[in-house]
Amino acid sequence: MKKGFKYLITTLFLCVLCFFSCSTTNTHLDSYKNIDSLLIGEWFLVDTMDSVYPSPKFHFYGIQINKDGSMISLGIETNTGKVEISDNPGIDTIIYAYDETIHLKKCSGSVIGEFDMNYVIKGNKLTIGEEPYSRTYNSTSLHTPIFTPVISDVSVKVDSVLMTNQKVRELPSAFITQKGKSYTIFGATFSSTRIEIVIDNFNGVGIYNIPYNKGRFSIFFSDVILGGSSDTTTTATFIVDKFDEVNNTCSGRFSFDANSSIKKQILKYEIREGIFTVPIYRSVYKSFTPSPL
C-alpha cells in the first residue's frame, strides 16, 4: 500500500513538473500551429532608396504573419498611403516559429526552399536574421496610414482589353523619372505587364513622337518575358496635357504599337487610349516624394 502510494505521489509530481515545463516553453505558442503568438500581425520597415536612379525616395517592405503560418507580403495603397495586402502578394509558409527560430518554407520570389532564421521581438519591433543582414520591422496593422498619398493612376487598352496600374505595391507602380532633359522615362506596372516610354528632349506640356524602340511593352510569365517595342510603321505619340512642377505631377495620354519577332513570327500589340496622372521623380530630391508620416 505504501509502495503504491509512493508511485502515485511520484506520478503526480512528474505530471506537475511536465505541466510547468511545457507552460514555460510554450507560453506564446499559438494553439493552431507551433508559432509564437507574438509574431502574429503586420510588420513593416522603410528603406531609403539610392539617389543615383531617379525614383521614389522610400521603399516599403511589409509582412503579415497569420495563425495558420502563412506569411503574406504587404504594400502601400498609393492613393491613400495606407498599409494593405499587395496586389500580387508573395505568400510563404512558416513551418514553426518559437524559441527565436523561424523555419520558413519560401514559395515566392527568386529563392525557393526551406530556411531557418533567427528572430527577436522587443516591444513593437521584430528583428529577423543576423547582422549584418538582419532587418528590423515595426509593428503596424492593415489600413494604417504610413505614407503621404500620391496620385499614380494609369489606364490603357492593350488589344482592346482595359488595364489599370497596380495600386498596392512597395512604391508607386507608375511614375515619370527624370535625370536631365535627355533622360525622361514614363513607366507603369500592371498585374503581369509593364509599359515604358522614353522621351528625349522633354520640355513639359506638348506632343512627342515616340521614337523607334523607345516605346516598350513587356509581358511577364514565370520563366519568360514577351512583348515588343515601337517601330516606324505606325504613329506613336506621348502627349503631356499638364506638367505641374510645383506639385510634381504629370498628366497626359499615349498610344503606340509594340512589335516583336519570335521564330520569324511577327507579334503585334496595340497600345491604345493610354491615360495617366503620375508623380515626377528627379535625381535630386526637390520633387514631391511619398514620405513616412
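The values are calculated or read from the model by the stated rules, or taken from the named source; none is laboratory data. On a predicted model such as this, the values are computed, not experimentally measured, just so you know. Note that we place each Cβ from the backbone using ideal geometry, even for glycine, and neighbour counts take in every protein chain shown.
Could you tell me whether the stretch 127-134 includes any residue that is surrounded by fewer than 17 Cβ atoms within 10 Å (Cβ to Cβ), within 20 Å of the chain's Cα centre (by Cα) and within 30 Å of GLY187 (Cα to Cα)?
There is no residue in the stretch 127-134 that is surrounded by fewer than 17 Cβ atoms within 10 Å (Cβ to Cβ), within 20 Å of the chain's Cα centre (by Cα) and within 30 Å of GLY187 (Cα to Cα).
For the stretch 91-185, give me every one of the strands (runs of 3 or more DSSP E) that falls completely inside it and has 1 or more residues that are farther than 30 Å from GLU270 by Cα.
In the stretch 91-185, the matching strands (runs of 3 or more DSSP E) lie at 91-98, 101-106, 113-122, 125-128, 135-140.
Test SER152 against the stated conditions and say whether it is surrounded by fewer than 15 Cβ atoms within 10 Å (Cβ to Cβ) and of a type in the set (S, T, N, Q).
The answer is no for SER152.
Between residues in the stretch 84-99 that are in the same structural domain as PHE60 (by TED's automatic domain parsing) and residues that are of a type in the set (Lys, Arg) and not in a loop (DSSP other than H, G, I, E, B), which pairs lie under 6 Å by C-beta distance while being six or more apart or on different chains?
Correct list of pairs: ASP92/LYS106; THR93/LYS105; ILE95/LYS105.
Could we say that ILE195 is of a type in the set (A, V, I, L, M, F, W, C), closer than 20 Å to ASP257 by Cα, out of contact with any Pro (no Cβ under 6 Å at 6 or more places or on another chain) and buried (at least 20 other Cβ atoms within 10 Å of the Cβ) here?
Spelling it out, ILE195 is indeed of a type in the set (A, V, I, L, M, F, W, C), closer than 20 Å to ASP257 by Cα, out of contact with any Pro (no Cβ under 6 Å at 6 or more places or on another chain) and buried (at least 20 other Cβ atoms within 10 Å of the Cβ).
Taking LYS157 as the residue in question, decide whether it is surrounded by 14 or more Cβ atoms within 10 Å (Cβ to Cβ), assigned by TED's automatic domain parsing to the domain that holds PHE221 and basic (Lys, Arg).
Yes; evaluated as a whole, the condition is true for this residue.
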